[in-house]
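Structure, as structure tokens:
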Amino acid sequence: MKKIMLIAILSIASLSTYAQQQETPQNTIGENELKINVTNIIIFKWLDVGYERILNEESSVGVGVLFALDNDDLDLDEYRTFSITPYYRHFFGKKYAQGFFVEGFGMLHSGENEEYFYNTQDPTIVQEKYTDFAIGVSIGTKIVSKRGFVAEIYGGIGRDLLDKSGLEVVGRGGISLGYRF
């Protein structure tokens, strides 16, 4: 009787261990992603590329780099010409490193401010370059195909800490397309 009980207990323990191992999502594609934010190219004429490294099934770290392609036509986001944005993402989906996520980011950004002076009859416009650092949060969602195609949509806001730019807040967001390998 003791042998039967021992065999039954060992069988149940091994089955529960096997079931727990099967519940963990598996990554069959890769742990690296390269992406381009197509919204920023179309709307703002910015080249915004990113790299993301998957840490585990529910978190990743990454960095985005943004360059203004046309400095003459900047009329939104306070004339931003460059930014580098490291971030950390935590995923809440059932699939491996995809689904709904919350992101914390830091953004080192530079650009030009315009100041208007009306001391004379002819107003004077002075352009000053700035560099500032912001921290913020974003939310979004990511979908990854079986062959590694990545599509994500996200949006967020951050606050400037150095008070060098004319605005106190920065935006982050768009639709990114890329590849996981």
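The values are calculated or read from the model by the stated rules, or taken from the named source; none is laboratory data. Computed from a predicted structure; not experimentally measured. Every residue, glycine as well, gets a Cβ built from its backbone with ideal geometry; the counts of neighbours run over all protein chains shown.
Does region 17-31 include one or more residues that are modelled with pLDDT under 90, among the hydrophobic types (A, V, I, L, M, F, W, C), in contact with a strand residue (DSSP E or B) (Cβ under 9 Å, 6 or more places away or on another chain) and more than 21 Å from ARG159 (Cβ to Cβ)?
Residues of region 17-31 modelled with pLDDT under 90: 17-29.
In the following step, the residues that additionally are among the hydrophobic types (A, V, I, L, M, F, W, C) were identified as 19, 29.
Among the residues that remain, those that are also in contact with a strand residue (DSSP E or B) (Cβ under 9 Å, 6 or more places away or on another chain) are: 29.
Now drop any that are not more than 21 Å from ARG159 (Cβ to Cβ), which leaves 29.
Taking every residue of region 17-31 in turn, at least one turns out to be modelled with pLDDT under 90, among the hydrophobic types (A, V, I, L, M, F, W, C), in contact with a strand residue (DSSP E or B) (Cβ under 9 Å, 6 or more places away or on another chain) and more than 21 Å from ARG159 (Cβ to Cβ).
Within region 162-181, work out how many residues are farther than 30 Å from GLY30 by Cβ and either at pLDDT 95 or above or surrounded by fewer than 15 Cβ atoms within 10 Å (Cβ to Cβ) (or both).
So the count comes out to 5.
Sort out which residues of region 39-56 are exposed (fewer than 15 other Cβ atoms within 10 Å of the Cβ) and either part of a strand (DSSP E or B) or in contact with a His (Cβ under 8 Å, 6 or more places away or on another chain) (or both), and write them in order of number.
LEU47, TYR51, ARG53, LEU55, ASN56
Take the residues of region 100-127 that are surrounded by 15 or more Cβ atoms within 10 Å (Cβ to Cβ), more than 26 Å from ASN27 (Cα to Cα) and without any contact (Cβ under 8 Å) to a residue 60 or more places away in the chain: which is nearest to the chain's Cα centre (by Cα)?
Only one residue tops the list, namely GLY106.
Of all residues in region 140-151, which are touching a Phe, Trp or Tyr at 6+ places or on another chain (Cβ under 7 Å) and either over 18 Å from PHE100 (Cα atoms) or assigned to a strand (DSSP E or B) (or both)?
GLY140, THR141, LYS142, PHE149, VAL150
Mind telling me which of the residues TYR96, TYR130 ends up being surrounded by 12 or more Cβ atoms within 10 Å (Cβ to Cβ), in a strand (DSSP E or B) and among the aromatic types (Phe, Trp, Tyr)? It would help to see each step written out before you state the result.
Numbers: TYR96 fails: in a strand (DSSP E or B).
From the options TYR96, TYR130, the qualifying one is TYR130.
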